[in-house]
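Below is one structure, written out as C-alpha coordinates, with a few remarks after it.
The values are calculated or read from the model by the stated rules, or taken from the named source; none is laboratory data. Being a predicted model, the structure only gives us computed values, none of them experimental. Cβ atoms come from the backbone with ideal geometry, glycine included; neighbour counts cover every protein chain shown. Each accessible area value is taken on the protein alone, full model and side chains, heavy atoms only, with ligands, DNA and RNA left out. Shrake-Rupley method; radii C 1.70, N 1.55, O 1.52, S 1.80 Å.
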Amino acid sequence: MAERRMFSKTVIDSDAFLDLPHDSQLLYFHLSMRADDDGFVNNPRTVMRGLGCGEAEFRLLAERRFIIEFESGVIAIRHWRVHNLVRNDRYRPTVCAREKRLLYITEQGTYTLSRDEAYALLPSFESGGKPILL
(Lines give C-alpha, C1' and ligand atoms only; values in the text may rest on other atoms or scores of the structure.)
Protein backbone atom coordinates (compact mmCIF):
# COMPACT_ATOMS: atom_id res chain seq x y z
CA MET A 1 0.00 0.00 0.00
CA ALA A 2 1.21 3.46 -0.86
CA GLU A 3 2.46 5.94 1.69
CA ARG A 4 1.00 8.94 -0.13
CA ARG A 5 -2.54 9.76 -1.16
CA MET A 6 -4.08 12.72 -2.94
CA PHE A 7 -7.42 14.46 -2.57
CA SER A 8 -9.28 16.27 -5.34
CA LYS A 9 -10.42 19.76 -4.42
CA THR A 10 -13.44 19.11 -6.63
CA VAL A 11 -14.66 16.69 -3.98
CA ILE A 12 -13.37 18.16 -0.71
CA ASP A 13 -14.32 21.75 -1.61
CA SER A 14 -17.84 20.75 -2.64
CA ASP A 15 -20.78 21.97 -0.57
CA ALA A 16 -21.82 18.35 -0.08
CA PHE A 17 -18.51 17.54 1.62
CA LEU A 18 -18.20 20.81 3.53
CA ASP A 19 -21.76 20.39 4.86
CA LEU A 20 -20.62 17.21 6.63
CA PRO A 21 -19.77 17.59 10.33
CA HIS A 22 -16.04 17.89 10.97
CA ASP A 23 -15.90 14.41 12.54
CA SER A 24 -17.31 12.85 9.37
CA GLN A 25 -14.83 14.81 7.25
CA LEU A 26 -11.99 13.62 9.47
CA LEU A 27 -13.15 10.02 9.19
CA TYR A 28 -13.30 10.34 5.39
CA PHE A 29 -9.72 11.59 5.22
CA HIS A 30 -8.44 8.83 7.50
CA LEU A 31 -10.33 6.10 5.63
CA SER A 32 -8.97 7.44 2.33
CA MET A 33 -5.42 7.48 3.67
CA ARG A 34 -5.72 3.83 4.67
CA ALA A 35 -7.36 2.64 1.45
CA ASP A 36 -5.54 0.24 -0.84
CA ASP A 37 -4.60 1.14 -4.43
CA ASP A 38 -8.18 0.49 -5.60
CA GLY A 39 -9.81 2.55 -2.84
CA PHE A 40 -10.93 -0.29 -0.55
CA VAL A 41 -10.63 -0.37 3.25
CA ASN A 42 -11.09 -3.76 4.86
CA ASN A 43 -10.94 -2.46 8.46
CA PRO A 44 -13.05 0.72 8.68
CA ARG A 45 -14.18 -0.06 12.25
CA THR A 46 -10.56 -0.16 13.41
CA VAL A 47 -9.98 3.25 11.86
CA MET A 48 -13.14 4.56 13.55
CA ARG A 49 -12.07 3.24 16.96
CA GLY A 50 -8.61 4.75 16.56
CA LEU A 51 -10.14 8.17 15.90
CA GLY A 52 -12.84 7.90 18.52
CA CYS A 53 -15.51 8.27 15.84
CA GLY A 54 -18.92 6.73 16.34
CA GLU A 55 -21.40 5.03 14.08
CA ALA A 56 -23.14 8.34 13.31
CA GLU A 57 -20.14 9.77 11.44
CA PHE A 58 -19.75 6.55 9.46
CA ARG A 59 -23.48 6.36 8.62
CA LEU A 60 -23.44 9.95 7.38
CA LEU A 61 -20.59 9.17 4.95
CA ALA A 62 -22.55 6.19 3.63
CA GLU A 63 -25.88 8.06 3.42
CA ARG A 64 -24.31 10.99 1.58
CA ARG A 65 -22.55 8.55 -0.76
CA PHE A 66 -18.94 9.34 0.07
CA ILE A 67 -18.30 5.68 0.86
CA ILE A 68 -19.85 2.46 -0.41
CA GLU A 69 -20.48 -0.16 2.23
CA PHE A 70 -20.49 -3.92 1.59
CA GLU A 71 -22.06 -6.69 3.69
CA SER A 72 -18.57 -8.07 4.33
CA GLY A 73 -17.67 -4.93 6.31
CA VAL A 74 -15.36 -3.67 3.56
CA ILE A 75 -15.90 -0.15 2.23
CA ALA A 76 -14.91 1.59 -0.99
CA ILE A 77 -14.11 5.28 -1.23
CA ARG A 78 -16.61 6.39 -3.88
CA HIS A 79 -14.43 9.15 -5.36
CA TRP A 80 -11.21 7.13 -5.23
CA ARG A 81 -10.53 7.34 -8.96
CA VAL A 82 -11.18 11.11 -8.88
CA HIS A 83 -8.65 11.54 -6.06
CA ASN A 84 -5.89 9.10 -7.01
CA LEU A 85 -4.17 7.63 -10.02
CA VAL A 86 -1.63 4.96 -9.17
CA ARG A 87 1.14 4.32 -11.66
CA ASN A 88 1.11 0.83 -13.15
CA ASP A 89 4.57 0.02 -11.85
CA ARG A 90 3.45 0.84 -8.28
CA TYR A 91 -0.09 -0.55 -8.39
CA ARG A 92 -0.99 -3.46 -6.12
CA PRO A 93 -4.41 -5.02 -6.77
CA THR A 94 -6.92 -5.04 -3.92
CA VAL A 95 -7.48 -8.14 -1.82
CA CYS A 96 -11.19 -7.21 -1.87
CA ALA A 97 -11.77 -8.77 -5.29
CA ARG A 98 -15.33 -9.93 -4.54
CA GLU A 99 -16.41 -6.39 -3.62
CA LYS A 100 -14.55 -4.87 -6.57
CA ARG A 101 -16.53 -7.07 -8.98
CA LEU A 102 -19.76 -5.47 -7.69
CA LEU A 103 -18.74 -1.95 -8.67
CA TYR A 104 -19.13 0.04 -11.84
CA ILE A 105 -17.42 3.29 -12.81
CA THR A 106 -19.51 6.28 -13.83
CA GLU A 107 -18.64 8.82 -16.49
CA GLN A 108 -17.38 11.12 -13.72
CA GLY A 109 -14.96 8.43 -12.53
CA THR A 110 -16.79 7.53 -9.32
CA TYR A 111 -17.63 4.05 -8.09
CA THR A 112 -21.27 3.01 -8.04
CA LEU A 113 -23.24 -0.16 -7.32
CA SER A 114 -25.94 0.86 -9.78
CA ARG A 115 -25.87 -0.50 -13.30
CA ASP A 116 -28.29 2.32 -14.27
CA GLU A 117 -25.82 5.02 -13.23
CA ALA A 118 -23.07 3.22 -15.08
CA TYR A 119 -24.69 3.41 -18.52
CA ALA A 120 -23.10 6.81 -19.03
CA LEU A 121 -19.66 5.24 -18.81
CA LEU A 122 -16.55 6.12 -20.69
CA PRO A 123 -16.08 3.71 -23.59
CA SER A 124 -13.98 0.66 -22.92
CA PHE A 125 -12.03 -1.25 -25.54
CA GLU A 126 -13.15 -4.58 -24.07
CA SER A 127 -16.78 -3.69 -23.46
CA GLY A 128 -17.53 -1.75 -26.62
CA GLY A 129 -18.91 1.19 -24.63
CA LYS A 130 -21.04 -0.91 -22.27
CA PRO A 131 -20.72 -0.57 -18.50
CA ILE A 132 -17.30 -1.52 -17.21
CA LEU A 133 -17.59 -4.18 -14.55
CA LEU A 134 -14.43 -4.11 -12.47
Mean-position separation - Cα centroids, region 15-35 and region 50-104, in angstrom: 12
Mean Kyte hydropathy of -0.5 or more with a Cα span along the axis of at least 15 Å, helices from DSSP in the chain: 22-33
Asp89 accessible area, assembled protein chains, probe 1.4 Å, Å²: 110
Contour minus Cα-Cα distance for Ser72 and Gln108 (0.36 nm per residue): 10.3 nm
Within region 51-91, GluC sites (Glu not before Pro) in DSSP loop having at most 15 other beta-carbon neighbours inside 10 Å: Glu71
Relative contact order of the chain, pairs being alpha-carbon contacts under 8 Å that are 6 or more residues apart, as %: 21
Cα gyration tensor of region 66-119 - equivalent ellipsoid semi-axes, whole Å, descending: 18, 15, 10
Solvent exposure ordering (accessible area, 1.4 Å, most first) of Arg101, Arg49: Arg49, Arg101
Other-chain or far-sequence residues with amide H under 5 Å of Arg65's (modelled H): none
Difference of contour (0.36 nm per residue) and Cα-Cα distance, Val86 to Asp23: 19.9 nm
Per-residue [θ]222 nm for the chain (sum of -39500 (n - 2.57) over DSSP H runs n ≥ 4, rounded to 500): -8000 deg cm²/dmol
Glu63 versus Val95: modelled label distance in nm, points set 7 Å from Cα along the beta carbon direction: 3.2
Bins of 5 Å from zero: percent of alpha-carbon pairs in the chain: 2, 10, 20, 23, 21, 15, 6, 2, 1, 0
Solvent exposure of the chain as accessible area per residue, Å², 1.4 Å probe: 61
Segment Arg4-Ala16, extension gain: residue separation times 0.36 nm, minus the distance between their alpha carbons: 1.9 nm
